[in-house]
Amino acid sequence: MAAVISVEGVSKSFGTRVLFENVSLAVQSGERLAIIGPNGSGKSTLLSILAGTEETDEGRRVCTRQTTVSCVAQKDVALSDETVEQCWRKHQVDTSAAAEGQALRLLAEAGFTDHQQLVEKLSGGWRKRLAICCGILSQPDALLLDEPTNHLDVEGLIWLENLLLARKQDCVFVSHDRWFLDAVATRIVEINPAYPGGLFQASGNYAEFLERRADFFAGQHKQEEHLANKYRREAEWLRRRPKARATKAVSRIKDADKLKNELSAVKQRNSSHRTVELSFAASGRQANVFIEAEGLAKSFGDNHLFSALELSIAPGDRIGFLGGNGSGKTTLLHILAGSQSADAGTMKQANELRSFMFDQQRESLDQNQSLRHALTENGKTVNFRGQTVYVTAWAKRFLFNAEQLDRPMHSFSGGEQARVLIARLMLQENDVLLLDEPTNDLDIPSLEVLEESLLEFPGAILLISHDRYLMDKVCTGFLALNGKGRADRVADYGQWQACLEKDKTASAVEAAVVSTATTASVQAVPESAGLNWDEQKEYRGIEKKIQTAETKVESIQEELALPENYTNAERCAELTTTLAAAQENLDSLYARWEELETKVGG
C-alpha cells in the first residue's frame, strides 16, 4: 500500500520542552488514521507537520508535489462578515454543474438550510460542521482533522461518522472520542513516552487497539520484572568486587552497567504511563430519594424546552441527559441543582442534600488565581478523607508539577482547568453529582480514570456529555430531550437513535406532503417560463427522482454504518462502491434540478 504522506525521524521541541523525538509515521492510501495521546504529547503538532504547516527540528516530511492536503484546525478562521455560502464557495475547487450539486448535497446532509446566514452567528458546533464541509470541498488527497468531534452534538457526531465512512478520501484525525475512534478508525497511533520510540500503533478500531496495547504493557511489566531480577543478581556479583584484571570480569562489569541503563529506561517508560488518580467521596447518606421533580416545564419565549417532566433521583442512579445543542439539557441540570427555577412544576430535595455542580463554562475558576490557591484556599495543604496532603503531592496526583503551582489559571489549557475542577470535587462528600460536560478537553487516560471513578461512586449522578463511550458505560438510564417540549426515558443510545430516526421520518413525510402540494401547483409550467415540453415533463418528475435517490443513498449509508459491515473489509469495499455510484446519480440529479430551476426563474 502506497504512502500518501510520511514523516521520517522527526523531532519537535518548544523551548526546553520536548514533545517527541525521532518519530516516523506513514499515512497509507485508503486508511482512516487516528492519532491519540495524553494532553501535551504533541498530537496537534504532529498533525501540523503532516499537513506541512509546522516545521520540524529534525527529520523530514515526505510528500509528492501532486499530493494535496487540507487540514481542518481545532479553531476555525472564517471571516466575521462571511456568509455560509461565501465560506464554502471560497474553498470549492470544482465549480462544474455536477460538483455544484454535490456541494449542495454535502451542505444539506450537514444540516445547512440558510446559506446566507453569517458564519459569526453560528454556534461552535455548526461552525465545526461548516469547516469540515469546506475541507472536503477543497478536494484534497488527504483530509486532516484536528479534534473534529469538538463542539458537535450527538447528531453532528453521527453525521460526521457516516460522512467519513462513506468517503474514499484518505483521512488522518486527532480525537479523544473513543466511540468515534471505534466506529471510524482503521489504524490508531498513540504518542506517548511510555513506548519505545514514543509511538505505539495497531491496525483496526479502538477496541482492537486496546487489546494490543494491554498485551504490550503486560509485556513491558514482565520485561521490567525480568531485568530487575537479572540486575539484582549482577549487583550482588558486583558487590563482591571482582578483580578487573580478567577480561571476562571487565566485560561482565560493562554488561551490568548496560543492564542497569536498560532497566532504568523500561522503568521510566512504565512510570510515564501514569494517569490521573480520581476517587469521588460520597456522604454515605441513607435516603430513598434525593430529588423528586413533578410537572417541570421551562420555556424561553416561544421555545418550549420541556413540559410535564417527571423525574425521581435515588442513590445509585446514573442518569444521562441526551439531546442536541439547545435542547435544554443544561437548563434542566441547573433547575435540579436549584440554581435556576422552572416555569411550572415542583421539585423536592432530601433534607441537607449535598450536591456538586460541575460547570462546563468553568465559571467557578478565578482565572487570575494561581494553581496553588485554585487547588486549596490556604495554598499549602488539603484535607482528603481525614488525611493532610501537601499541595505539591495533591497537584502531582492530577499530573501537575511543583513548577506549575504559582502559574495563573488562565495560562492552563482547558483540559488542565477541568482537572482542577475535578480535584475540587474530590475534596467534597456529596450525595449527588451534577456534571455538565466534565469530559471536555480531557485526554483518553483521564477519561478512563474518570469513568471508573463514576462507576464506583455510590451516590446519584446526573450527567451531560458528548462522550458517548463514557455515557454508555456509566449511565443506568437516559432522559432524551428534543428541545420542543418532549422528554423521553430511553434505555440506551440505540433506542434514542431509533427515536431520532422516527422523528426524521415523520419530518420527511410532512415535507413530502408539502412537496407534493408544491409539485401539483406547478404541474402546468408555461413554456414561456423557459422550459420546452420535454423539460417541463422532466421538471415535474425530478423531485420524486431526487427523493428516491436520497432514500437509496441513506439506505446504503445505514447499511455501511453497521458494525458487521464496516469491520468486514470486503463488504465495506462493496458497499462503498455502491454508495459512490448512488451518490454520483444523486449529485447529477441535483445539478440538473438546478439547471431547470434557473430556466424557470429566468
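Considering every Cα-Cα pair within the stretch 50-125, what fraction, in whole percent, is farther apart than 20 Å? Considering the stretch 50-125, 49 percent of its Cα-Cα pairs are separated by more than 20 Å. Across all Cα pairs in the stretch 281-490, the calculated P(r) in 5 Å bins from zero up to the longest distance comes to 1, 7, 15, 18, 19, 16, 12, 7, 4, 2, 0 percent per bin.
Extending 7 Å from the Cα toward the beta-carbon at both residue 533 and residue 580 defines two label points whose distance is 4.2 nm.
Past the 24 Å Cα-Cα mark, which pairs from 329/396; 473/552; 128/168; 128/329; 537/599; 90/121?
On the way: 329/396 34 Å; 473/552 34 Å; 128/168 21 Å; 128/329 21 Å; 537/599 14 Å; 90/121 19 Å.
Checking Cα-Cα distances, 329/396; 473/552 exceed 24 Å.
Put +1 on the Cβ of each Lys and Arg and -1 on the Cβ of each Asp and Glu in the stretch 281-490; which of 293, 398, 438 then has its Cα farthest toward the positive end of the dipole? Comparing the listed Cα positions along the dipole, 398 ranks first. Looking at the stretch 281-490, the DSSP beta bridges with both ends there are about 50 percent antiparallel. Annotation: the stretch 1-140 has a Kirkwood hydrodynamic radius of 17.1 angstrom, from the mean reciprocal C-alpha pair distance. Here 206, 195 are placed in order of increasing Cβ neighbour count within 10 Å, fewest first, which gives 195, 206.
Pair-distance distribution P(r) for the stretch 72-227, from all Cα-Cα distances in 5 Å bins starting at 0: 2, 8, 16, 18, 17, 12, 9, 6, 5, 3, 2, 1, 1, 0 percent.
Quick check: residue separation of residue 96 and residue 599 times 0.36 nm, minus the Cα distance between them. What number comes out in nm?
On the way: separation 503, 0.36 × 503 = 181.08 nm, distance 1.73 nm.
Gain on extension, residue 96 to residue 599, equals 179.4 nm.
Here the simple spin-label model places points 7 Å from the Cα toward Cβ, and for residue 297 and residue 476 these points are separated by 3.1 nm.
Can you put 385, 419 in order, fewest other beta carbons within 10 Å first? Let's see the in-between values first.
On the way: 385 10, 419 25.
Result, fewest neighbours first: 385, 419.
Between residue 385 and residue 61, the modelled labels are 4.8 nm apart [label points 7 Å from Cα along Cα→Cβ].
Readers should treat all values here as calculations from the given coordinates under stated rules, not as data from a laboratory. Computed from a prediction, not measured in an experiment: that's the story for all the values here. Here the Cβ is made from the backbone with ideal geometry for all residues, glycine too, and neighbour counts use every protein chain on show.
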